[in-house]
Amino acid sequence: MRDQIIAVQAMQDYIAAHSDEDISLADLAEVSHFSPWHAFRLFKEYTGFTPADYIRRLRLSWSALRLRDEKKSVTEMAFEMGFQSVDGYQRAFKREFGCNPKEYARHPVPIYLFIPYGVIYEEIRRTHQRIEEEMNVFVQIIHKPERKVLIKRGIQARDYFAYCEEVGCDIWGLLCSIHSINGEPAGYWLPEQYRTEGTSEYVQGVEVAMDYEDVIPEGLDVIVLPESDYMLFQGEPFDEREYCAAIEGVQEAIKRFNPNTRGYEWDTENPRMQLEPAGTRGYMEMLAVKKM
């Protein structure tokens, strides 16, 4: 079973690394070390998509972000994404997101982007053992302005994994489609005053400017967070397959840290924040602080 998971993860990694190239089933079979037929079957079994559907959805989502953030025409984007015609790209985009790419480029609205998750990470979480050595963690003060946060509440979740079971992982794709003042969504542990009855402590959301007046997707709430200081804890870059240890290492460092040594104390009236684990930058969490 583990060999199959490793094979599918190898195919996912290959697709991510060669997204701007033609990718054949033979290419995926080669990196998986299985026959093309077996590689196809395993990929569909573990991801829920055929390789072609997976690649198409991934490229359409990347194209949506580029239409949102770059001055690219729909024609340019269609051919850069490997479509044979502009009409074919427009039809595929509308089927995926429910809107025309030309309209979306003029006025980007929140859409559910396709955010694939590596199949190996659930296996890592199940088999992870606690770390025994301390890691280096960089600490700095970040100042945040008053801002709105569009959040999706859970029910009882107190961490990411429980939240995904309650809400589903697709919400991250929707949040990624909303232009954030931070450049990315985040996870939040909400203090009591930001929670409503029967909702979770842990939520995911995206920070936007106070003058944000664009579409608020159905099911999302808006909270306002005050201007505040945060202490950012950033771990060492890590191998993606060691993400559990990377998260645990930073969280252990936070438990040991005394903010008084920097002239601060914890501010429990503001949410704790978690950024998406990314091996190239290290795992990051932010805790609100106030000067002593």
Pair list, Cβ under 9 Å, 6 or more apart: region 159-174 residue in the same structural domain as R272 (by TED's automatic domain parsing), other residue among the charged types (D, E, K, R) and surrounded by fewer than 16 Cβ atoms within 10 Å (Cβ to Cβ): F161/R125
Condition met for E265 (assigned by TED's automatic domain parsing to the domain that holds N182, at pLDDT 90 or above and not in a strand (DSSP E or B)): no
Identify the single condition in (1) touching a residue at least 60 places away in the same chain (Cβ under 8 Å); (2) assigned to a loop (DSSP other than H, G, I, E, B) that I223 does not satisfy, given that it satisfies every other one. (2)
Scan region 191-222 for residues that are among the small types (G, A, S) and under 16 Å from Y163 (Cβ atoms) and jot them down. G198, S200, G205, G219
Just for region 181-198: of the residues that are more than 23 Å from the chain's Cα centre (by Cα) and without any contact (Cβ under 8 Å) to a residue 60 or more places away in the chain, which one is surrounded by the most Cβ atoms within 10 Å (Cβ to Cβ)? T196
Give the number of residues within region 137-166 that are outside any loop (DSSP other than H, G, I, E, B) and more than 21 Å from Y230 (Cα to Cα). 7
Evaluate region 273-283: report whether one residue or more is modelled with pLDDT under 95, over 16 Å from the mean Cα position of the chain (by Cα) and polar (S, T, N, Q). no
Condition set among the acidic types (D, E) and in contact with a helix residue (DSSP H, G or I) (Cβ under 7 Å, 6 or more places away or on another chain), scope region 70-124, selection modelled with the lowest pLDDT: answer is E123
Take region 198-236 and flag every residue that is under 22 Å from A246 (Cβ atoms) and among the polar types (S, T, N, Q). Q204, Q234
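The values are calculated or read from the model by the stated rules, or taken from the named source; none is laboratory data. As the structure is a prediction and not an experimental result, all values here were calculated from the model. When we count neighbours, we look across all protein chains shown, and the Cβ atoms used for this are built from the backbone with ideal geometry, even at glycine.
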